Amino acid sequence: MTLALAALQAPLAWAGPTQGSSPATSSSARARVTYNAYILGPGDSLQIELLDIPELSGVFTIGPDGTLYLPRLRSLYVEGLSVPELSWFLAEQFRSFVREPQVFVNPVVYRPIRVYVGGEVARPGYYTLTGEQVLPESASGYTQRQKPTEVVEINPLVAPQLSSRPLQLPTVFDALRAAGGVTPYSNLVEVTVTRRQPLSSGGSKVRANLDFLSLITQGDESQNIRLLDGDTVVVPKSTVVLRDQFLRAAETNLSPYQFEVFVSGRVKSPGPLVMPQGSSLNQALVAAGGVQLLRGKVEFVRFARNGDMDRRQFAYNPNAPSDAPSNPILMTGDIIRVQDSALSASIGVFNELTGPFVGIYSVYGLFR
């Protein structure tokens, strides 16, 4: 595991308003500091307990402007703080009303996670990843003063009593799947995740390098880290087709099971075709009913997102191995056209030239 990955999975333990100098390594410490590293924002619901003062305790939701409205304290801007930072901050604020206040903060409902997925994926862009659970009415012994309007997640580390069902937290796998999956050029060995740190760290960013392919091939869950709001996931592009990797990914539910290509020309059933992931050009021609006897070269066209076009012609070779130059692995939107041969083109031209005369002769014969 790389140091950057360890920094995302187990941020430095927090002590007061600043962070410590040594990372947590044990599983229990890693679980604790992962929860501590969560950065609060609009939509998060928090269970705030002021020890022995229930009238100032309850479940509160951070508003759209990043403020938290609490009894006595009124509106406080808390966006960008971690949970321990908020506990320390609220304890300082309550000192005006309570002697030696002890404040405990637990997130009970997470806001939807919005991440950016870029690089070599099917559809790069911003995606909102949400859970399927909400805070129950009687989740705690305190009055719920505000209820979130979104269906969001519950943190199982701090509120395991809120649900008996296992929670599905968004991970890198979920983000890549939301972006339509990978392509034959996706380099899954060098996936990067960029995350901003809490204010106690200056709001800087940390980057992790993930060998995501090991998750698909070996089930290495350590490379499938949980995502937080504002994370950026980037899949680099390989200069060559990574055939074996793409086929392994196609065996999972990471990418859609099927995609669409268009086949035309000298085939028996031209038109759009829906093919399973990992299909090659020859498989598409077979799915189109096969090529006709009189045929020419095969024309292959692929449009890239940057405006470039991959256009090539080659002789049809039914025995070409998958991902050979004359039998490429297909992607969504690819166009395959089997051209006419010299003889079929001549016949077509002859029919076009003689067609009008045959029609005129037929009409003349009809009148006669």
- Taking the condition more than 19 Å from Ala320 (Cα to Cα), part of a loop (DSSP other than H, G, I, E, B) and either in contact (Cβ under 8 Å) with a residue 12 or more places away in the chain or within 16 Å of the chain's Cα centre (by Cα) (or both), does Leu228 pass? yes
- Criterion: modelled with pLDDT under 75, closer than 30 Å to Ala250 by Cα and buried (at least 17 other Cβ atoms within 10 Å of the Cβ) - qualifying residue of Glu153, Glu120, Glu132: Glu153
- Which numbered condition Asp229 fails, given (1) in contact with a Lys or Arg (Cβ under 9 Å, 6 or more places away or on another chain); (2) modelled with pLDDT of 90 or more: (2)
- Message: When you scan the range 45-61, do you find a residue that is among the hydroxyl-bearing types (Ser, Thr, Tyr) and surrounded by fewer than 19 Cβ atoms within 10 Å (Cβ to Cβ), even just one?
- Response: no
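Rundown of residues vs (1) within 28 Å of the chain's Cα centre (by Cα); (2) farther than 20 Å from Pro170 by Cα; (3) modelled with pLDDT under 90; (4) assigned to a strand (DSSP E or B), yes/no style:
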{"position": "Ala7", "(1), (2), (3), (4)": "yes, no, yes, no"}
{"position": "Arg30", "(1), (2), (3), (4)": "yes, no, yes, no"}
{"position": "Gly41", "(1), (2), (3), (4)": "yes, no, yes, no"}
{"position": "Pro64", "(1), (2), (3), (4)": "yes, yes, yes, no"}
{"position": "Ser75", "(1), (2), (3), (4)": "no, yes, yes, yes"}
{"position": "Val108", "(1), (2), (3), (4)": "yes, no, yes, yes"}
{"position": "Arg111", "(1), (2), (3), (4)": "yes, no, yes, no"}
- Of the residues in the range 204-222 that are in contact with a Ser or Thr (Cβ under 8 Å, 6 or more places away or on another chain) and at pLDDT below 90, the one that is surrounded by the fewest Cβ atoms within 10 Å (Cβ to Cβ) is Lys205
- Query: Somewhere in the range 262-280, is a residue out of contact with any His (no Cβ under 9 Å at 6 or more places or on another chain), over 28 Å from Val298 (Cβ atoms) and outside any helix (DSSP H, G or I)?
  - Reply: no
- Note on the structure: Result of the Cβ filter at 6 Å on the range 56-77, keeping first residues that are closer than 17 Å to Val98 by Cβ and partners that are in a loop (DSSP other than H, G, I, E, B) and hydroxyl-bearing (Ser, Thr, Tyr), at least 6 apart or interchain, is Ser57/Tyr142; Gly58/Tyr142; Gly58/Thr143
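The values are calculated or read from the model by the stated rules, or taken from the named source; none is laboratory data. What you see is a predicted model, and the numbers here were worked out from it, not measured in a lab. As a convention, Cβ positions derive from the backbone with ideal geometry for all residues, glycine included, and neighbour counts pool all protein chains shown.
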